[in-house]
Amino acid sequence: MRIDGKEYRTIWYENNVVKIIDQTKLPHKFTIKELKTVKDAVHAIKTMEVRGAPLIGGTAAYGIALAARENHNPEFIKKSASELIQSRPTAINLKWAVDRMMKKLSGINSDQILDIALKEAKGICDEDVKFCENIGINGLKIIEKIYNKKKNTVNILTHCNAGWLATINWGTATSPIYHAHKKGIPVHVWVDETRPRNQGANLTSYELNEEKIPNTIIADNTGGILMQRGEVDMCVVGTDRTLSNGDVCNKIGTYLKALAAYDNNIPFYVALPSSTIDWDIKDAKKIPIEERNSEELSYIEGIDENNEIKKVLIYPNKSKTLNLAFDITPAKYVTGLITEKGISEASYNGLQKLFK
Ligand code: MRU
């Protein structure tokens, strides 16, 4: 998608380095960063220079390629794989991508390993672009249906950033929106700010602005009253891990939006590529929920009058905080799962029909 009119992906390999857009500086500064070692890749994921389930998967895949370039020793690559998997615990795409890379590299001799690793990492990223594009084509049908009935702007609420910045291109939740906009369907997006890191305000609104899609940032608690007033036609969010029974783990606050949507009879969709499905864990309570540094809550970042990014304390310095990054929305509150293969019921049978 575009920034200042120029097409980008969120990650690419160029001149022997991996390049990423540093998302910790957005929306105020657009900076491209180079990853040269697997440690750089682990750091980028941990500090959220890259974030969003599919993008951390893509970064981990390139991380394995960087490890293979540093040291062909299988033990080093294995240790790097485990450091990458542990860098963020909730999004399953990370483990999925590392496992796929390790399978590809198993038994490969040292002369070929780098080329094969780079090709596989690019393959994982290219596949994600295709899957996200298909999610858009499939999700477009839902927006079109609402528009054909309403004959007026379709108001869509989203949480966090499941946009192109969270993937390699297109996004998951935003892909149907981009497709609708390209087709000339009038859309307007309610963007949840998404405290504490403000991915909605800082990233979703930013990327929608760059694509000239009307959007309004709202405080996280505003969605409920907008739904009661009939100002939300549908909700669409992304996910970090969806179980085979349709339970959805996503950014903290997603569950409360799903409850409000359910109470107001508003369709609540979750958009995801199949790399986000966890076929192993059967009980949502077993999903590892990331607990992040409490400073993400007590400090806020912005830009000052000298164009410098500044961090300021906003809470009483003696107060305790708890910063859980994700929550679970039970399948019963999910109207449907928009995947690359079609729209599925959020249930074991629905997912089986599409994927097994
Ligand atoms: O903590 P983040 O910013 O990595 O969380 C991102 C989300 O929760 C997204 O909704 C999810 O990863 C899906 S991205 C297509």
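The values are calculated or read from the model by the stated rules, or taken from the named source; none is laboratory data. Keep in mind the model is a prediction, meaning the values are calculated, not measured. No Cβ is skipped: glycine too gets one built from the backbone with ideal geometry, and neighbour counts run over all protein chains shown. Note: accessible area is taken over every heavy atom of the protein model, side chains too, but ligands, DNA and RNA are not part of it. Shrake-Rupley method; radii C 1.70, N 1.55, O 1.52, S 1.80 Å.
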If you build a Gaussian network model of the chain, linking Cα atoms that sit under 10 Å apart, which residue out of ILE289, ILE314, ILE338 swings the most?
-> ILE314
Quick one: how many Å² of PHE30 are accessible to a 1.4 Å probe, rounded to 10?
-> 80
How high is the FRET efficiency between GLU70 and THR31 when r is their beta carbon distance and R₀ equals 22 Å, given to the nearest 0.05?
-> 0.35
Reachable aspartates and glutamates from LYS19, Cα under 16 Å, same-chain residues fewer than 8 places away excluded?
-> GLU7, GLU34, ASP40, GLU49, ASP126
With θ set to phi - 60°, apply the Karplus curve 6.51 cos²θ - 1.76 cosθ + 1.60 along segment 171-184 and write out the HN-Hα couplings as whole Hz, x wherever there is a Gly or Pro.
-> x, 9, 4, 7, 4, x, 5, 4, 5, 5, 4, 4, 7, x
Taking the chain and dividing mean pair separation by its residue count, relative contact order in percent (alpha carbons under 8 Å, at least six apart) = 16
Between segment 179-238 and segment 50-68, the alpha-carbon center distance in angstrom | 27
If you average 1/r over every pair of different alpha-carbon atoms in the chain and take one over that average, what Kirkwood value in Å do you get?
-> 20.6
Distance histogram for segment 2-127 (every C-alpha pair counted, 5 angstrom bins, percent rounded to whole numbers) = 2, 12, 24, 25, 19, 10, 5, 2, 1, 0
Most mobile of THR329, THR59, THR216 in a GNM of the chain (Cα contacts under 10 Å) | THR216
Helix axis angle, 74-87 relative to the chain longest principal axis, alpha carbon, degrees | 20
Quick one: Karplus J couplings for segment 51-66, per residue in order, coefficients 6.51, -1.76, 1.60, θ = phi - 60°, nearest Hz, x for Gly and Pro?
-> 7, x, 3, x, 6, 5, x, x, 5, 5, 4, 5, x, 5, 4, 5
222 nm mean residue ellipticity, helices alone, for the chain (DSSP H n ≥ 4; -39,500 (n - 2.57); rounded to 500) | -12000 deg cm²/dmol
Å² per residue, accessible surface of the chain at 1.4 Å | 45
Cβ-placed point charges (K, R +1; D, E -1), dipole of the chain about Cα centre in debye, nearest 20 = 580
Shape call for segment 156-271 from the C-alpha gyration tensor, a ≥ b ≥ c root eigenvalues: rounded (a/c under 1.5), prolate (a/b greater than b/c) or oblate?
-> rounded
Quick one: among ASP115, ASP220, ASP327, which has the greatest mean-square fluctuation in a GNM of the chain with alpha-carbon springs under 10 angstrom?
-> ASP115
Applying 1/(1 + (r/R0)^6) with R0 = 51 Å to the Cβ-Cβ distance of LYS182 and LYS39, what FRET efficiency is obtained, to the nearest 0.05?
-> 0.80
Helix 254-263 sits off the longest principal axis of the Cα atoms of the chain, rounded to the nearest 10 on a 0 to 90 degree scale, by 30
Give the accessible area for TYR333 in Å² (nearest 10); use a 1.4 Å probe, count only protein heavy atoms, and leave out ligands, DNA and RNA.
-> 40
